[in-house]
1. If the chain between Met5 and Ala89 were fully stretched, how many nm would it gain, using 0.36 nm times the residue separation less the Cα-Cα distance?
2. Which of the GluC sites (Glu not before Pro) found in segment 1-95 are loop residues per DSSP with 15 or fewer other Cβ atoms within 10 Å of their Cβ?
3. When the accessible area of segment 1-91 is computed with all protein chains present and a 1.4 Å probe, what percentage of it is carbon and sulfur?
4. Need one value: the accessible area of Arg43 in square angstrom, 1.4 angstrom probe, rounded to the nearest 10.
5. Sum up the charges of everything whose Cβ sits under 11 Å from the Cβ of Leu16, counting Lys and Arg as +1 and Asp and Glu as -1, but leave Leu16 out.
6. In nm, give the distance between the simple-model label positions of Arg63 and Phe26, each being 7 Å from the Cα along the Cα-to-Cβ direction.
7. Apply the Karplus curve 6.51 cos²θ - 1.76 cosθ + 1.60, θ = phi - 60°, to the phi angles in segment 85-91 and return the couplings in whole Hz, x for Gly and Pro.
8. So for Phe31, Phe47, Phe57, what's the accessible-area order with a 1.4 Å probe, most first?
Amino acid sequence: MKTNMTETQIVDRLELLYTVLQYGSFKTATFSIAERILINQERGSLFELRASMSGEFPAEECRRYKVPAKLEQRIQEINDLISRANWAAPEKPIQYNNDRILTQY
C-alpha cells in the first residue's frame with residue numbers, strides 16, 4: 001500500500017490517538033464504545049503501515065482506515081482541551097487487581 005505519510009507523521013498520529021483514548025479513560029468518558037473501536041481501527045492500520053515501512057509486514061496487506069470526519073473533529077476538540085489543561089496521563093496505567101477490579105494508581 002502506498003502512503004503519503006512519513007514515519008514521523010504516523011508516530012505523531014498514533015500518539016495523538018493514544019492520548020485522547022487515555023484522556024477518555026482517566027479523566028472523563030469522552031468517546032462511546034463504538035467510537036473507541038473506530039479510533040483503535042485507525043491505530044491498527046497505522047501500526048501495520050509503520051511495520052510495512054520496515055519490511056516487517058507485507059505492504060500489499062496493509063489496510064488503510066481513517067476515522068470518520070465527525071469523529072476526527074471530536075478528536076481534535078479533545079486534543080485542544082488536553083493541551084489547554086496541560087493534562088498528561090498518569091505514569092502507571094490502569095491495572096486490574098487480583099479480584100479483576102479495575103484500579104488506577
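The values are calculated or read from the model by the stated rules, or taken from the named source; none is laboratory data. All values derive from a computational prediction rather than experimental measurement. A quick note on method: Cβ atoms are made from the backbone with ideal geometry, for glycine too, and the neighbour counts reach across all protein chains shown. Quick note on the areas: whole protein, heavy atoms, side chains included, nothing else; ligands and nucleic acids left out. Shrake-Rupley method; radii C 1.70, N 1.55, O 1.52, S 1.80 Å.
1. Numbers: separation 84, 0.36 × 84 = 30.24 nm, distance 2.67 nm.
Stretched fully, the Met5-Ala89 segment lengthens by 27.6 nm.
2. Listed in order of number, the matching sites are Glu56, Glu91.
3. Working: 2890 of 5730 Å².
Carbon plus sulfur share of accessible area: 50 percent.
4. It works out to around 40 Å².
5. It works out to a net charge of -2.
6. 2.9 nm
7. Residue by residue, segment 85-91 yields 7, 6, 7, 9, 5, x, 5 Hz.
8. Correct descending sequence by accessible area is Phe47, Phe57, Phe31.
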